[in-house]
Amino acid sequence: MTSFRSVADRLTATPAGSSEPVDVYHKLLHEPHRADTAQLRLFLEKQLQSANAFPDALPGDLNGLPQWIEASANKVAASYREYLEGRRAGHGRTFFSNKAHALYFLQHVAPTKLVDGAWLYSSVSHADDWRYRDLIRTYLEELGDGEPALNHVVLYRKLLADHDCAPTETLDDEYYLQGAIQLALGHLGDEFLPELLGYNLGYEQLPLHLLITAFELNELGIDPYYFTLHVTIDNASTGHAHKAVKTVLDLLPNDESRPDFIARLRNGYLLNELGKGTQAVIGSFNLEQEVVAMLERKRSFGQYMHSDYCRLEGLTVNEWLAKPGQCRAFLAALENKGWIKRHQNPSQSRFWQLIDGPGAVMFGVFSGYEMQLLQDWITGDWKETGAAKPANPFRSRFRNRPRAEAAETTPAAQATHSTSRLIDLLSPAHHCTPEGLHATRAYARQLAEGTLAL
């Protein structure tokens with residue numbers, strides 16, 4: 001099993017000829033001290049201009065934010081109650097058609113989840129200003145206060161590793177936009193404070209899709225803890241949603257700059273609309289297309305690895321894999337030959353027998369996610385007769401969740417750092433490392449004791 005510490009490395013390798021969002025994303029994760037501030041500023045200004053095209057969604061009077069947040073939370077709760085009633089009545093899942101679909105979702109939202117909380121990073125430099133205290137507490141809670149079992153990035157890396165579903169190559173540019181925005185806000189938070197507050201206000205609201213995602217992941221045997229954790233800490237009563245409102249009201253100026261500050265805050269809120277959202281990611285999945293695309297990606301690695309003993313419709317396996325664009329026809333040939341028996345138990349397919357199990361001759365060729373794609377595609381609409389009744393989807397399957405990998409205690413992690421070094425280690429580039437986790441615990445302790453020397 002791949003270590004969850006390195007599982008996202010393939011996501012963070014800067015591709016050649018990448019777009020501006022991808023460049024910003026990788027630069028701030030790998031070389032934040034070499035990032036061009038002017039480039040980051042232009043990037044954010046461009047995104048804010050794009051966001052300004054969306055209609056203003058905040059209440060006219062920001063003093064009404066607490067009531068607005070409460071009404072929004074009640075609306076989400078009512079919608080989720082309706083969803084649960086439908087499930088109890090026998091309706092199927094509304095998000096994920098199968099487990100491969102769910103893993104596809106986890107894979108494609110990973111660039112955002114792997115920088116969770118990044119937009120709040122600049123707040124840790126303002127521990128001497130009481131108005132920032134809720135922003136700092138929110139950021140520290142995103143970092144799990146230095147505990148690996150609660151650090152959101154550590155948790156998501158572990159989730160990808162547990163299901164062997166980290167992308168094998170860089171995703172399309174659109175999947176990096178939200179992460180790039182979060183990282184840029186985190187590094188230019190003082191300059192873009194109104195926009196940061198507006199963005200935080202929007203991001204920390206509890207969305208309906210989070211609740212449904214957690215429910216259906218649990219049903220499919222995927223630990224939903226990363227998502228259920230957000231359900232609890234983002235609550236509008238005392239959680240991050242409440243803190244976001246309180247911080248806005250605390251930091252609103254009372255001089256002539258107030259109108260401009262509010263206008264910028266409203267624009268920052270709309271940054272949440274950019275990029276490919278949850279519903280769009282879920283809706284973009286097509287099982288057969290993903291199977292074909294996966295085989296096309298692996299084609300070049302396997303085109304010389306097979307013997308010429310077997311021929312399918314006159315071509316050897318190597319010949320089928322020699323040219324791009326032939327994988328869909330190759331799958332059809334495997335079906336025609338009887339090597340793949342669609343809509344039956346996958347164990348009845350000779351092709352599956354070649355790849356599944358430690359004795360399979362192609363064991364290890366496909367990742368966990370790729371295996372799930374093939375399994376669900378072969379299974380199709382087959383249902384085992386006389387099978388045991390599926391587990392109750394309303395019952396948690398992960399009550400005794402194993403803890404995330406413990407933080408390593410190394411001489412470097414035990415070192416005493418200056419406050420500036422602590423703040424550097426709390427950055428999105430470092431906080432999920434053993435030294436970063438240790439620094440987070442030290443910062444949180446000093447913040448509570450009032451001993452931070454800024």
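Running Debye on the chain with equal point scatterers at the Cα sites and no solvent, what base-10 log of I(q)/I(0) appears at q = 0.06, 0.07, 0.12 Å⁻¹? The computed values of log10 I(q)/I(0) come out as -0.30, -0.41, -1.09.
Arranged from fewest to most other beta-carbon atoms within 10 Å of their beta carbon, Asp172, Asp381, Asp23 become Asp381, Asp172, Asp23. Note on segment 95-242: Cα-Cα pairs beyond 24 Å make up 33% of the total pair count. Per-residue 3J(HN,Hα) values for segment 273-280, derived from phi via the Karplus relation 6.51 cos²θ - 1.76 cosθ + 1.60 with θ = phi - 60°, read 7, 7, x, 9, x, 4, 4, 5 Hz in sequence order (x marks Gly and Pro). Shape summary of segment 168-219, radius of gyration then Dmax from alpha carbon positions: 14.7, 44 Å. Computed across segment 238-277, the Kirkwood radius stands at 11.6 Å (inverse of mean 1/r, all Cα pairs). Could you compute the FRET efficiency for Asp162 and Glu256, with r as their C-beta to C-beta distance and R0 at 56 Å, rounded to 0.05? So the FRET efficiency works out to roughly 0.55.
Our summary gives the chain a relative contact order of 22 percent, counting only alpha carbon pairs under 8 angstrom and 6 or more residues apart.
Since every read-out is calculated from the coordinates, none of them should be taken as a lab result. Quick caveat: nothing in here was measured; it's all calculated off a predicted structure. Backbone-built Cβ (ideal geometry, glycine too); neighbour counts: all protein chains shown.
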